[in-house]
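Colleague: I'd like to ask some things about the structure below.
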């Protein structure tokens, strides 16, 4: 075969694959947060040991307090969890977001929360110790994450651990 023909086929394939990747990336409805000078997140704590988690006591929740100490609105988006046994939402004085689950297991969301300057909020992680069934006892370590428009903290992760017991 002619070298020009082979090079032409390779270029054609690269263009098709590149177009497909760009189209797929643009078709999701994942929220985009653009970095904003003046948006500034303050996090009370980012990890927590829950100790013993009783299997039959139901869902265990922990709140991670945060505050916007900046001069511009703090945008929060793309909340997700590390496991399907965990849900996450954000709660401010005026609203509670939808609950979000494991990244990649649910549809991307275009939801975006606003925390005004001086306003406090909570990232609430809810863990269901029964999700994995009776064999799901023992040590666990889970995380929840979000994106913000704070240029110094564009991605924030919170974690918790414990020991699921019968």
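Colleague: Would the stretch 104-117 turn up any residue that is touching a residue at least 24 places away in the same chain (Cβ under 8 Å), at positive phi, in contact with a strand residue (DSSP E or B) (Cβ under 7 Å, 6 or more places away or on another chain) and surrounded by 15 or more Cβ atoms within 10 Å (Cβ to Cβ)?
Modeller: No: the stretch 104-117 contains no residue that is touching a residue at least 24 places away in the same chain (Cβ under 8 Å), at positive phi, in contact with a strand residue (DSSP E or B) (Cβ under 7 Å, 6 or more places away or on another chain) and surrounded by 15 or more Cβ atoms within 10 Å (Cβ to Cβ).
Colleague: Kindly evaluate residue 78 against the criterion of being surrounded by 17 or more Cβ atoms within 10 Å (Cβ to Cβ) and at positive phi. Spell out how you get there, then give the answer.
Modeller: On the way: surrounded by 17 or more Cβ atoms within 10 Å (Cβ to Cβ): yes; at positive phi: yes.
Answer is yes for this residue.
Colleague: Same structure again: Return the total of residues in the stretch 81-103 being within 13 Å of residue 30 (Cα to Cα) and surrounded by 20 or more Cβ atoms within 10 Å (Cβ to Cβ). Please lay out each step first, then the result.
Modeller: Going through the stretch 81-103, the residues within 13 Å of residue 30 (Cα to Cα) turn out to be 100, 103.
Within this subset, residues satisfying the condition of being surrounded by 20 or more Cβ atoms within 10 Å (Cβ to Cβ) are 100.
Counting residues in the stretch 81-103 that are within 13 Å of residue 30 (Cα to Cα) and surrounded by 20 or more Cβ atoms within 10 Å (Cβ to Cβ) gives 1.
Colleague: Taking the criterion of being in a loop (DSSP other than H, G, I, E, B), surrounded by fewer than 13 Cβ atoms within 10 Å (Cβ to Cβ) and in contact (Cβ under 8 Å) with a residue 12 or more places away in the chain, would at least one residue in the stretch 137-149 satisfy it? It would help to see each step written out before you state the result.
Modeller: First, the residues of the stretch 137-149 that are in a loop (DSSP other than H, G, I, E, B): 137, 149.
When the remaining residues are screened for being surrounded by fewer than 13 Cβ atoms within 10 Å (Cβ to Cβ), the result is none.
No, because not a single residue in the stretch 137-149 is in a loop (DSSP other than H, G, I, E, B), surrounded by fewer than 13 Cβ atoms within 10 Å (Cβ to Cβ) and in contact (Cβ under 8 Å) with a residue 12 or more places away in the chain.
Quick note: the coordinates plus some simple rules give every number you see, no bench work behind them. Computed from a predicted structure; not experimentally measured. Because the Cβ atoms are built from the backbone with ideal geometry, glycine has one as well, and the counts that use them run over all protein chains shown.
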